[in-house]
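Below: one structure, written as structure tokens.
The values are calculated or read from the model by the stated rules, or taken from the named source; none is laboratory data. Note that the structure is predicted; figures quoted are calculated from it, not measured. Because the Cβ atoms are built from the backbone with ideal geometry, glycine has one as well, and the counts that use them run over all protein chains shown. In case anyone asks, the SASA skips ligands and DNA or RNA and just uses the protein heavy atoms, side chains included. Shrake-Rupley method; radii C 1.70, N 1.55, O 1.52, S 1.80 Å.
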Amino acid sequence: MHDYWYKKNKTQLLRGFCAVIEEGGVLKASRKLNIAQSSISLQIASLERDLEFQLFIRENQKLIPTKRGLKFYKLCKKFITEMDLMFKNAKQIIDEDYDDKVTIAAHFYMLSHILPPYFKEMIEKNKDVKFELYNASYSEGLNLLNSGNVDFAIFPVGKHEEFKNVEVYDFYKCKFGIGVNKDHPLANAKEEDLSWEKIAEHDYVTIGKGITTQGLNSALETSGVDSRFKLHNGTWEICVGLIKENLTISGTDSNYVSWHEDIIFKECPKLIPDYQFHILVNKSFEPSKAAKDLLKLLGIKQLV
């Protein structure tokens, strides 16, 4: 029973062993650690059984360290010193890192187009702030959020989806439409005149499962519209290349095309509904101070 307890408390065994070496005996070691001499003796015996070699030679009720015992002492002393230092400084180290770091899981659209201006504003206010960003899928983001590995996540959430420990806040609404080349026949069309019939007269490309084209992709499939281009695991950059060659049109958000001079954005509110992104915060974990500051900039003030 005693041996089992000591094996479950190996750090205590090592402290007892080091104290015997440093104090020159069991009696002084027991006084230093404020535990019974019998406990020290049991600790030494338990260690020797685990190590399968002698730590001390017992002569006339004295314990003389063996060569192996002295070598083992050096290892133990280093371990205990480092561990004590870690515990002593852990709170300060963790608090400093925790308070100044923001960890986010989000769709790449958020990380590449929406959040950077907020990051810049954060840096202007706090030069020590650090960002750890996960370009994650929705399921990956939820796993990171539920495990406490991120301060918050940003994804679209279904209307009927419910969470037990997650607060959901409205954040950003995408304005969806289509991106076309400036020389495309639809470039001069009035937005209110756009219909699926007119769009179906032209080849289109979507980003497969990309969030920014789900509305167009779903609507076109529902309407039975087909295209010569079928893009798997695509990116907006691939779509841009096709649009610039005036080969296709693509569903997109206004922010994606704002800096492309050759691409015209046509808003289609009647055809493609706006897409809402949400900020997700796990109630079981406290966001860092920097994360709370960023959430405040993002319009979420309930947490700060």
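Data for the structure
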item	result
Efficiency of FRET from Cβ geometry, ASN135 and LEU247, R₀ 30 Å, rounded to 0.05	0.60
ARG31-LEU297 pseudo-label distance in nm [points 7 Å out on the Cα-to-Cβ vector]	6.0 nm
Rounded FRET efficiency, nearest 0.05, which uses the C-beta distance separating ASP226 from PHE163 and R0 of 45 Å	0.75
Label-point separation in nm, TYR118 to TRP259, each point 7 Å along Cα→Cβ	1.9 nm
Carbon and sulfur %, accessible surface of the chain computed with the full protein complex present, 1.4 Å	50 percent
Stokes-Einstein diffusion coefficient of the range 47-91, Kirkwood radius over Cα pairs, 20 °C, 1.002 mPa s, in µm²/s	177 µm²/s
Pairs beyond 31 Å (Cα-Cα), from LYS125/LYS266; LYS127/LYS182; LYS173/LYS292; LYS130/LYS270; LYS71/LYS101; LYS120/LYS301	LYS125/LYS266; LYS127/LYS182; LYS130/LYS270; LYS71/LYS101
Directionally averaged projected area (convex hull, Cα atoms, the range 12-126), nm²	11.8 nm²
FRET efficiency for LYS125 and GLN276, using Cβ-Cβ distance with R0 set to 30 Å, rounded to 0.05	0.60
Accessible area (Å², per residue) of the chain, counting only protein heavy atoms and a probe of 1.4 Å	59 Å²
Kirkwood Rh and Cα Rg combined as Rg over Rh, evaluated for the chain	1.30
Kirkwood-based shape ratio for the range 160-207, expressed as Rg/Rh from alpha carbons	1.21
DSSP beta bridge pairing in the range 54-175, given as percent antiparallel to the nearest 5	30 percent
Where Rh is the Kirkwood radius over Cα pairs, Rg/Rh for the range 233-304	1.16
With at most 13 other Cβ atoms within 10 Å, longest stretch of the chain clear of loop chymotrypsin sites (Phe, Trp or Tyr not before Pro) (DSSP)	54-258
Scattering profile of the range 67-193 at q = 0.13, 0.18, 0.23 Å⁻¹ [log10 I(q)/I(0), Debye over alpha-carbon scatterers]	-0.80, -1.06, -1.33
Computed label-point distance, nm, for sites PHE285 and ASN60 using a 7 Å Cα→Cβ extension	6.2 nm
DSSP-defined beta bridges in the chain - what % are antiparallel, rounded to 5	70 percent
Loop-located GluC sites (Glu not before Pro) in the range 243-299, at most 16 other Cβ atoms within 10 Å (DSSP)	GLU245, GLU261
